[in-house]
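Some notes on the structure that comes next.
The values are calculated or read from the model by the stated rules, or taken from the named source; none is laboratory data. This is a predicted model, so every value here is computed, not measured. Quick reminder, even Gly has a Cβ in these numbers, built from the backbone with ideal geometry, and neighbours come from all protein chains shown.
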Amino acid sequence: MALPNLSAAERRAALEKAAKARQARAELRVKIKDGKLSFKDVMKKSDDPIVARMKVSALLESLPGYGKAKAAKIMDEIEISESRRVQGLGARQREMLMKRLG
């Protein structure tokens, strides 16, 4: 897919938008890590663009007591690709994650 030709102003606006989205996801991960938001709360917001575009692995690694190894093990057991985002989870995958973590 060819990239669109953007003017300098359009490119700057796109970069700012992307930076704001990354910052919002980082703040969400901190809230999860601090226990201010539970996994269940986050999954209820899965239609929010910030949550929807978050990788499932990043979400699981943000949970208190979970790291790369535990997250990878859960994703392997539930058959979730490591590149999968929250918006791309199937109904069965969501259900199994909620049973396990919700």
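Beta carbons closer than 7 Å, at least 6 apart along the sequence or on distinct chains, pair a first residue in the stretch 62-73 that is under 16 Å from Arg84 (Cα atoms) with a second that is modelled with pLDDT of 90 or more and surrounded by 10 or more Cβ atoms within 10 Å (Cβ to Cβ) for Ser62/Arg29; Ser62/Ile32; Ser62/Lys33; Lys68/Glu61; Ala71/Ser57; Ala71/Leu60; Ala71/Glu61. Checked against (1) surrounded by 10 or more Cβ atoms within 10 Å (Cβ to Cβ); (2) part of a helix (DSSP H, G or I); (3) at pLDDT below 95, Ala9 passes all but condition (1). Here Glu27 meets each of (1) touching a residue at least 12 places away in the same chain (Cβ under 8 Å); (2) in a helix (DSSP H, G or I); (3) of a type outside the set (Ser, Thr, Tyr) with one exception, condition (1).
Looking only at residues in the stretch 6-28 that are of a type in the set (D, E, K, R) and under 26 Å from Lys45 (Cα atoms), the one that is farthest from the chain's Cα centre (by Cα) is Glu16.
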